[in-house]
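K.L.:
Quick one: the structure is below, and I'll ask about it shortly.
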Amino acid sequence: MSDLSLNLFGAVSAEFEGRPLKKFRTTKTQALLIYLAVDPPIAQQREALMTLLWPDMPLESAQTNLRQIVYQLRKAIPEVVARGGGENVPLILSERQTVQLNPQAAVTVDTVSFSNLMEAVQSHEHSDLSSCPFCQARLEEAVDLYKGPFLSDFYLDDSNEFEDWAHRRREAYRRQVMDGLAALAEGSMRRAEVSQAQSYAQRQLELDDLDERAYRQFMEALAREGRRHEALAVYEEATRLLRDDLGMSPAAQTTRLAEHIENDSL
């Protein structure tokens with residue numbers, strides 16, 4: 001079966017026909033595939049792709065280069081199985097003004113799966129996210145897909161435009177993961193699954209060790225397990241990091257929580 005799978009969270013990897021697709025002829029060929037695949041397939045204007053990949057190159061040279069890497073990509077992955085099975089279809093659809101991944105091609109991309117799950121949560125009707133089993137299950141699936149920052153080991157050193165695009169995506173995904181982990185921690189706390197809540201809070205802190213919401217969740221989960229001294233030590237660590245890195249004191253909400261834990265009045 002000629003299917004294609006791309007993982008763009010953490011170290012970039014690809015599998016084609018069940019085998020690792022290790023190398024492309026050029027980095028720009030791989031960058032084109034990444035850009036076309038990161039969202040559900042839509043036609044991308046050639047002019048925009050040239051600006052993204054060769055921002056400082058004369059138009060004619062950029063046009064030639066784009067034609068070459070489209071050819072290289074087609075040569076590397078000429079066809080994939082159609083969605084739902086059946087005959088293979090071309091991976092790339094190329095027109096005079098546009099290039100895109102074939103919407104009928106069976107391509108699995110972790111970022112697309114992640115976005116679909118988060119969209120399902122956002123569109124689902126519920127009274128409270130942290131107590132909605134449907135959304136909690138999908139958030140768990142989504143955060144499990146996040147193996148690290150978007151394109152953590154891939155960059156184009158001659159295109160600030162591509163790097164700016166990647167940075168914006170990287171930050172957007174990270175924030176969504178942080179929000180998802182926070183909702184999962186809150187849901188675990190409501191179900192009295194405090195060890196699980198601690199894990200979700202700790203994972204947030206691995207992504208951002210200055211996030212006070214995560215510190216509060218971690219402190220509360222520890223305290224509810226009877227580990228008050230550890231919870232207060234977390235508060236002291238948060239206070240130190242905020243002071244040293246940002247020149248700030250903890251928010252009043254964080255300090256109040258620490259006082260409740262110290263007084264055993266949580």
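The values are calculated or read from the model by the stated rules, or taken from the named source; none is laboratory data. Everything numeric here is computed off the predicted structure, so don't read it as measured data. We place every Cβ from the backbone using ideal geometry, glycine too, and count neighbours over all the protein chains shown. For accessibility, only protein heavy atoms count, side chains too; no ligands or nucleic acids. Shrake-Rupley method; radii C 1.70, N 1.55, O 1.52, S 1.80 Å.
K.L.:
Please find, among Tyr200, Tyr215, Tyr173, the residue that is within 23 Å of the chain's Cα centre (by Cα), under 20 Å from Ser131 (Cα atoms) and aromatic (Phe, Trp, Tyr).
P.N.:
Tyr200
K.L.:
Does Leu73 satisfy the condition of being of a type outside the set (D, E, K, R), on the phi < 0 side of the Ramachandran plot and modelled with pLDDT of 95 or more?
P.N.:
The answer is no for Leu73.
K.L.:
Can you spot a residue in region 205-220 that is surrounded by 16 or more Cβ atoms within 10 Å (Cβ to Cβ), at pLDDT 95 or above and over 18 Å from Ala258 (Cβ atoms)?
P.N.:
Within region 205-220 (the criterion being surrounded by 16 or more Cβ atoms within 10 Å (Cβ to Cβ), at pLDDT 95 or above and over 18 Å from Ala258 (Cβ atoms)), the answer is yes, since at least one residue qualifies.
K.L.:
Test Ala201 against the stated conditions and say whether it is open to solvent by less than 20 Å² (accessible area, probe 1.4 Å), in a helix (DSSP H, G or I) and under 30 Å from Glu141 (Cβ atoms).
P.N.:
Criteria met by Ala201.
K.L.:
For region 133-144, does any single residue satisfy the condition of being of a type in the set (Phe, Trp, Tyr), open to solvent by less than 20 Å² (accessible area, probe 1.4 Å) and at negative phi?
P.N.:
Taking every residue of region 133-144 in turn, none turns out to be of a type in the set (Phe, Trp, Tyr), open to solvent by less than 20 Å² (accessible area, probe 1.4 Å) and at negative phi.
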